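Quick notes on the structure that follows.
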Amino acid sequence: MMILSIETSCDETAISIVETDGEFPHATYKVLGDVIHSQIEIHRKFGGVFPAVAKREHAVTLVPVLEKVLASANLPSQPETSITPKQKEHIGVLLSREGDLANALLTFSEHNKAPTIDLIAVTHGPGLEPALWVGVNFAKALSLLWHVPVIGINHMEGHIYSSIFTGEKLADLAFPAIALLISGGHTEIVLMRDWHTYELIGKTRDDAAGEAFDKVARMLGLPYPGGPEISKKAAARREKNIPKTLTLPRPMLESGNCDFSFSGLKTAVLYKVKDSSLTEDDKEMVAEAFEDAVTDVLVKKTLRAIEESGAQSLILGGGVSANRHIRASFTHAIQEKLPDVALYLPEAKLTTDNAVMIALAAHARFSAYGVTDEDIIASGNLSVSNA
Ligand code: KG4
Ligand code: ZN
């Protein structure tokens, strides 16, 4: 089947077209088009993502991104599907809050016939609610325009699928599996006893791991997004092999459960850096100590979750799983302590937000549940346990 997927939960406007061949979970996937428009440059000026700015940017970018992805996939057109005045009106209502998006889409539809798509998938949470709504309403409008069903997908479920995607197929996952999802908005440990079942067994009580990276980066005067910046500084320090003199706290390490807390760690950095002008050396030292502390907590809590659940697989997903030190530490810890557990790390280009992962999750969801009549609602704090 041919799936067109849309992702607008945060600061990337992404659409992909993925062709599936065969039955889930043994299908083969061909990515025919994958376009990501990043808003990072816009948000960098503000030092973070503003939902209203993100929403406006998605509304401006969605049609150009759609045109691009359709051009790269080059799909045949559906037999003539005309658009009635009633449909036009309905699309206008759906997109009435999104500025010029309705006009852009209607102009697009006058010049482009409906492509042969079988299913539209759209992220409906979690994320920035105004940003999610643009994607959801756009997907509904396309569904009307093209006479194609649409389903809502959980962004975190998408991250799980991107980590087990080999580029062509899904890994032959052994259950139970533990997924550690670390992104800008979430830090969650999820237990999967089988496909389509998600039990939240640990989460952050305050900041998400990525959020802590972003906030600490800001304290060090580094640009948004902070994760890659901290990672670079820490890597530079590690290369110099300087003995470590700074140790930051490991919050909740001994809490006896799988929950996290990163705000104390962030405050510890704040005390360390406030009132002092930081040299390059200082920044590298703090970055390394911070990365060490976050990694230590993530690894220990996750290993605990694996041992408690008897998991046979570990999946790392979300933007923070791009971090090289975190990836290397998990690889090492699993080899040393739990060599029978299969570790799945996302390919570098699939670590951050993208629409391919939404198409993969959509295929899984469609195989299990088909298309339901339920209206798709954008939900900022949708939990993966509802997926
Ligand atoms: O999954 P994602 O792209 O978006 C959300 O769903 O939130 O994750 C973005 C987060 C940001 O906080 C960013 O700083 C972090 O991922 N990130 C990293 C790295 N690359 C991105 N954090 C640590 N190290 C990295 N290399
Ligand atoms: Zn994400």
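Data for the structure
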{"item": "In Å², nearest 10: area of GLU41 left accessible to a 1.4 Å probe", "result": "120"}
{"item": "Compactness of segment 278-347, expressed as Rg and Dmax over alpha-carbon positions, Å", "result": "13.8, 46"}
{"item": "Karplus-derived HN-Hα couplings along segment 255-267 (A = 6.51, B = -1.76, C = 1.60, θ = phi - 60°), whole Hz, x at Gly and Pro", "result": "6, x, 9, 9, 8, 10, 8, 10, 6, x, 5, 4, 5"}
{"item": "DSSP loop chymotrypsin sites (Phe, Trp or Tyr not before Pro) with at most 16 other Cβ within 10 Å excluded, longest remaining stretch of the chain", "result": "196-387"}
{"item": "Virtual spin-label span in nm between GLU168 and ARG324, 7 Å along Cα→Cβ", "result": "2.9"}
{"item": "The chain - percent of accessible surface contributed by carbon and sulfur, probe 1.4 Å", "result": "51"}
{"item": "Signed unit charges on C-beta, dipole axis of the chain, positive-most listed residue GLY158, PRO115, PRO346", "result": "PRO346"}
{"item": "Three-way shape call for segment 113-175 based on the alpha-carbon gyration tensor, with the a/c threshold at 1.5", "result": "oblate"}
{"item": "Residue-count net charge about TYR29 - beta-carbon cut-off 10 Å; Lys, Arg +1, Asp, Glu -1", "result": "-1"}
{"item": "Per residue, in Å², the accessible surface of the chain once ligands and nucleic acids are set aside, probe 1.4 Å", "result": "43"}
{"item": "Most mobile of GLY99, GLY227, GLY127 in a GNM of the chain (Cα contacts under 10 Å)", "result": "GLY99"}
{"item": "Rel. contact order, % - alpha carbon contacts under 8 angstrom, at least six apart, segment 181-235", "result": "27"}
{"item": "Beta bridges per DSSP with both ends in the chain, % antiparallel, nearest 5", "result": "60"}
{"item": "For the chain, built as a Gaussian network whose Cα springs stay under 10 Å, the top-fluctuating residue of ALA179, ALA362, ALA27", "result": "ALA27"}
{"item": "Surface accessible to a 1.4 Å probe, HIS196 within the full protein complex, Å²", "result": "40"}
{"item": "Length released on extending from LEU200 to GLU23, taking residue separation times 0.36 nm less the Cα-Cα span", "result": "61.0 nm"}
{"item": "Cα pair distances of the chain binned at 10 Å [whole percent]", "result": "5, 24, 31, 23, 12, 4, 1, 0"}
{"item": "Highest-MSF residue in the chain out of LEU128, LEU270, LEU314 [GNM, Cα springs under 10 Å]", "result": "LEU270"}
{"item": "Sparse-neighbour loop sites [trypsin sites (Lys or Arg not before Pro); segment 220-256; at most 16 other C-beta within 10 Å; DSSP]", "result": "LYS244"}
{"item": "Spin-label pair ASP373/SER72, simplified geometry with 7 Å Cα→Cβ offset, distance in nm", "result": "3.8"}
{"item": "Cα gyration tensor category, rounded, prolate or oblate, for segment 222-266 with a/c compared to 1.5", "result": "oblate"}
{"item": "Net charge, ILE376 excluded, C-beta distance under 13 Å - Lys, Arg +1, Asp, Glu -1", "result": "-1"}
{"item": "Nearest-20 debye value, the chain charge dipole, Cβ charges on Lys, Arg, Asp, Glu", "result": "820"}
{"item": "Charge context of LEU180, other residues only, Cβ under 12 angstrom, K/R +1, D/E -1", "result": "+4"}
{"item": "The chain: relative contact order in percent, alpha carbon pairs under 8 Å with at least 6 residues between", "result": "23"}
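The values are calculated or read from the model by the stated rules, or taken from the named source; none is laboratory data. Given the structure is predicted, the values throughout are model-derived calculations rather than measurements. When we count neighbours, we look across all protein chains shown, and the Cβ atoms used for this are built from the backbone with ideal geometry, even at glycine. Heads up: the accessible areas ignore ligands, DNA and RNA and are worked out on the full protein's heavy atoms, side chains in. Shrake-Rupley method; radii C 1.70, N 1.55, O 1.52, S 1.80 Å.
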